[in-house]
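As C-alpha cells, the structure follows; a few thoughts come after it.
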Amino acid sequence: MPDPIDISILSRREFIAAGAAAAALAPFVARAEDPAPGTPAPSQKFKDDFARIAGSANPIEGKIMVDLPETAENGNFVPITIAVDSPMTDADYIKAIHLLSTENPAAHVATFHLSPVNAVARVQSRMRLAKTQDVVVLAEQSNGEMLISTTRVKVVIGGCGI
C-alpha cells in the first residue's frame, strides 16, 4: 500500500489537479445519505398515512402504471404520470389515486378523486422529494379493493426541507 500523500509538500498545480480529480469522481462515490435499496424503513408519518388510506384493505399489486424517473436530478420538480387499467364504467371504476412518499416530511403527497365521467384513470403532476426514497401509489376501486405500486427514485438534490 502506498504511503499517504503529505499535502504540505504539494505544489499549487498538484493541489489543483488533485482537487479536480476528486471533483470528477464525486458523482461515482456512494454518499452516506443514499441508502441501499430496501433501507431505511419508511417514516412513521408514511406508516400512519398508509394505514389511514388503506384501512383494513390488503392492496394488490398490478394494473397501475407509474411513469417516474429512476433518478431525479432535482427533487424540487419530479414529474409523475399514473395510469390505472380500469374500464371506468358506473359499475367498475377507480374512485381515488393516492400518492405517498416514504421519506418526505409530509408523506401524503396528493389524492386525485375520479369518477366514470373521467373515462380513463390517468393523472399527471409534479412532486417534491426530499431524498432517495420509494414513491407509493394506491388506487382505490369502486368495489372497495385497493391496488398498489411502489417505485424507487434516487434523488440527487433534495427538494423538501426537513
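When residues in the range 143-162 are screened for being in contact with a helix residue (DSSP H, G or I) (Cβ under 9 Å, 6 or more places away or on another chain) and open to solvent by 40 Å² or more (accessible area, probe 1.4 Å), 1 of them pass. Confirm whether Asp92 is surrounded by 12 or more Cβ atoms within 10 Å (Cβ to Cβ), of a type in the set (Asp, Glu) and under 16 Å from Gly144 (Cβ atoms). Yes, satisfied.
How many residues, within the range 74-97, are of a type in the set (Ser, Thr, Tyr) and touching a strand residue (DSSP E or B) at 6+ places or on another chain (Cβ under 6 Å)? Quick ask: steps written out before the conclusion?
Of the range 74-97, the ones of a type in the set (Ser, Thr, Tyr) are 81, 86, 89, 93.
Add one more test, that the residue is touching a strand residue (DSSP E or B) at 6+ places or on another chain (Cβ under 6 Å), and what stays is 81, 86.
Selection size over the range 74-97: 2.
Filtered by the rule that a residue be open to solvent by less than 50 Å² (accessible area, probe 1.4 Å) and not in a loop (DSSP other than H, G, I, E, B), the range 100-111 gives Leu100, Ser101, Ala110, Thr111. Among residues belonging to the range 132-152 that are in a strand (DSSP E or B) and of a type in the set (Val, Ile, Thr), point out the one that is nearest to the chain's Cα centre (by Cα). Going through the qualifying residues, I end up with Val135.
The conditions of being outside any loop (DSSP other than H, G, I, E, B) and exposed (fewer than 13 other Cβ atoms within 10 Å of the Cβ) are not met by Arg122. The residues of the range 55-100 that are of a type in the set (Phe, Trp, Tyr) and over 12 Å from the mean Cα position of the chain (by Cα) amount to a single one, Tyr93.
Tell me yes or no: at least one residue of the range 72-86 is at pLDDT below 95, touching a Lys or Arg at 6+ places or on another chain (Cβ under 8 Å), of a type outside the set (Phe, Trp, Tyr) and in a loop (DSSP other than H, G, I, E, B). Looking through the range 72-86, at least one residue is at pLDDT below 95, touching a Lys or Arg at 6+ places or on another chain (Cβ under 8 Å), of a type outside the set (Phe, Trp, Tyr) and in a loop (DSSP other than H, G, I, E, B).
The values are calculated or read from the model by the stated rules, or taken from the named source; none is laboratory data. Computed from a predicted structure; not experimentally measured. Note that each Cβ is placed from the backbone with ideal geometry, even for glycine, and that neighbours are counted across all protein chains shown. Protein only, heavy atoms only, side chains kept; ligands, DNA and RNA dropped before computing areas. Shrake-Rupley method; radii C 1.70, N 1.55, O 1.52, S 1.80 Å.
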